[in-house]
Amino acid sequence: MTPWILGLTGGIGSGKSAVVEHFGRLGVHWVDADHAARWVVEPGRPALATIAARFGDQVLASDGSLDRAALRRLVFADPVQRQWLEQLLHPLIRQEVADKLAQAQSPYAIMVSPLLIESGQYRQAARVLVVDVPEALQLERASRRDGVTEEQIRSIIAAQARREERLRHADDVLVNDRDMSWLAAEVERLHRFYLTLRGGKA
């Protein structure tokens, strides 16, 4: 039987990676749209040349790869540029994710995307799991992990779907505000439940 798709999302610093990595340890096939976003702009891929033609060498690192931090600074400051970039990359990322999900052998497979709701990717999923976290904890985790200012994190949060909008699309919510052992137990509980579903539906 073809695996059904679970869409997994959450804001920056919510702990999506920790959640999906634990699902992976339980044998669930997963694909991260953030990883796919890196693959589609690797040197030699057409998207990188298109981005460099628009923004110039300031978005390229010394080795010819994309300087993601430089590009992020440019597009988050300018909604028009961000929209242009999204229109270029989203279809490419969608295809890359679909190709990787097609390789799944587990009963269900997970599509991880911070922009699952905004990009419409949730429509490709039978079910949506939102990793939720209070904003204060989100800011603390993201600044510690990425070494960026609170202001930059707030601009990223503002560019993502509102928390209420994510939760409105959720079939399941995992509030990730405790320790790793509790998180692992929650993932295992959800996994047992998901194994009982046919096509993602109870």
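The values are calculated or read from the model by the stated rules, or taken from the named source; none is laboratory data. Just so it is clear, the model here is predicted, and its values are computed rather than measured. Virtual Cβ from ideal backbone geometry, glycine too; neighbours counted across all protein chains shown. Only protein heavy atoms, including side chains, enter the accessible area calculation; ligands, DNA and RNA are left aside. Shrake-Rupley method; radii C 1.70, N 1.55, O 1.52, S 1.80 Å.
Scan segment 48-66 and give yes if some residue there is within 13 Å of the chain's Cα centre (by Cα) and among the small types (Gly, Ala, Ser), otherwise no.
Within segment 48-66, none of the residues are within 13 Å of the chain's Cα centre (by Cα) and among the small types (Gly, Ala, Ser).
State which residue is farthest from Glu151 (Cα to Cα) when the search covers only segment 69-96 and only residues that are open to solvent by 50 Å² or more (accessible area, probe 1.4 Å) and among the aliphatic types (A, V, I, L, M).
Leu92
Could you list, ordered by first residue, the pairs with Cβ atoms under 7 Å in which the first is in segment 55-69 and among the polar types (S, T, N, Q) and the second is surrounded by fewer than 16 Cβ atoms within 10 Å (Cβ to Cβ), at least 6 apart or interchain?
Gln58/Ala70; Ser65/Pro43
When both residues are 6+ apart or on different chains and their Cβ atoms are under 9 Å apart, which pairs have a first residue that lies in segment 76-95 and is polar (S, T, N, Q), and a second that is open to solvent by 40 Å² or more (accessible area, probe 1.4 Å)?
Taking only residues 6 or more apart or on different chains, the pairs are Gln81/Arg54; Gln81/Leu74.
Among the residues of segment 45-61, write down those that are open to solvent by 80 Å² or more (accessible area, probe 1.4 Å) and within 15 Å of Leu89 (Cα to Cα).
Arg45, Pro46, Ala53, Arg54
Which one is most open to solvent (accessible area, probe 1.4 Å), of the residues in segment 1-35 that are at pLDDT below 95 and more than 23 Å from Val133 (Cα to Cα)?
Met1
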